[in-house]
1. Which one is farthest from residue 233 (Cα to Cα), of the residues in region 180-190 that are touching a residue at least 24 places away in the same chain (Cβ under 8 Å) and out of contact with any strand residue (DSSP E or B) (no Cβ under 9 Å at 6 or more places or on another chain)?
2. What pairs come out if I take residues in region 153-179 that are touching a residue at least 12 places away in the same chain (Cβ under 8 Å) and on the phi > 0 side of the Ramachandran plot and pair them with residues that are buried (at least 17 other Cβ atoms within 10 Å of the Cβ) and not in a loop (DSSP other than H, G, I, E, B) whose C-beta lies under 9 Å away, six or more apart or interchain?
3. Anything in region 236-250 that is in a strand (DSSP E or B) and touching a residue at least 40 places away in the same chain (Cβ under 8 Å)? List them, or say none.
4. For residues in region 134-152 being part of a loop (DSSP other than H, G, I, E, B) and out of contact with any strand residue (DSSP E or B) (no Cβ under 8 Å at 6 or more places or on another chain), which is modelled with the lowest pLDDT?
5. Working only within region 61-107, note down all residues that are buried (at least 19 other Cβ atoms within 10 Å of the Cβ) and in a strand (DSSP E or B).
6. Among the residues of region 201-226 satisfying the criterion of being farther than 15 Å from residue 180 by Cβ and in a loop (DSSP other than H, G, I, E, B), which is farthest from the chain's Cα centre (by Cα)?
7. Can you pull out every residue in region 141-162 that is over 18 Å from the mean Cα position of the chain (by Cα) and surrounded by 21 or more Cβ atoms within 10 Å (Cβ to Cβ)?
8. Mind listing whichever residues of region 1-20 are modelled with pLDDT under 95 and over 12 Å from residue 34 (Cβ atoms)?
């Protein structure tokens with residue numbers, strides 16, 4: 001599955017993941033399949049890194065973090081790092097400027113960054129201060145879950161519900177359609193917010209069966225017709241391991 005690294009433009013530089021429906025899972029799969037030196041972090045609060053990653057985990061205050069991560073990076077292929085948090089089972093996020101400083105000091109082949117939260121929902125549009133993407137980002141990967149298709153637009157499936165309504169045009173309780181998801185992916189205040197000049201490669205995730213694949217492909221084709229900001233959308237499933245379902249390209 002290393003082809004995902006190329007399809008997602010995730011072989012080098014700073015790669016940021018935003019949206020809802022599989023950010024952490026995607027980041028962890030990319031970290032494990034990358035053959036080089038990998039950094040993994042977040043600009044927002046995050047759950048603890050799983051032991052299965054086999055990462056060297058560094059947790060320190062901002063003033064100590066650059067040196068601590070650089071030392072770890074000299075001895076370990078995969079370094080996951082964050083700031084401490086007062087909340088049990090959580091890490092604190094890093095300022096985007098600090099992430100750029102750490103990448104400069106360590107020279108990771110790729111630095112993978114989670115840049116917003118979605119509280120386990122399947123679809124999201126960012127509010128004013130989101131997402132926290134470093135200006136040095138080379139790639140941004142917006143994610144939406146295929147499980148949102150056909151579901152009524154409520155707090156159960158959507159994070160930042162009012163923003164999703166505004167960006168997609170869907171009303172409260174209305175069934176989420178491929179066109180709604182296309183608008184989200186192509187909107188400057190949706191999936192493209194704060195992406196700057198970075199390469200953008202959206203993912204429709206949780207494409208776990210043929211029915212979901214059909215509507216995901218419909219949404220991807222519609223999104224590609226609404227913007228020239230990206231030239232492909234990757235369909236994935238993570239039921240057990242990372243699986244490439246397909247690519248919809250211009």
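1. Only one residue tops the list, namely 189.
2. Cβ pairs passing all conditions: 160/124; 169/180; 169/183.
3. The answer is 236, 243, 244, 247.
4. Residue satisfying both the conditions and the ranking: 135.
5. 78, 79, 80, 81, 82, 83, 91
6. This residue is 209.
7. 149, 153
8. If the condition is that a residue be modelled with pLDDT under 95 and over 12 Å from residue 34 (Cβ atoms), then 3 is the only one that fits.
The values are calculated or read from the model by the stated rules, or taken from the named source; none is laboratory data. Keep in mind it's a predicted model, so treat the numbers as computed, not measured. Every residue, glycine as well, gets a Cβ built from its backbone with ideal geometry; the counts of neighbours run over all protein chains shown.
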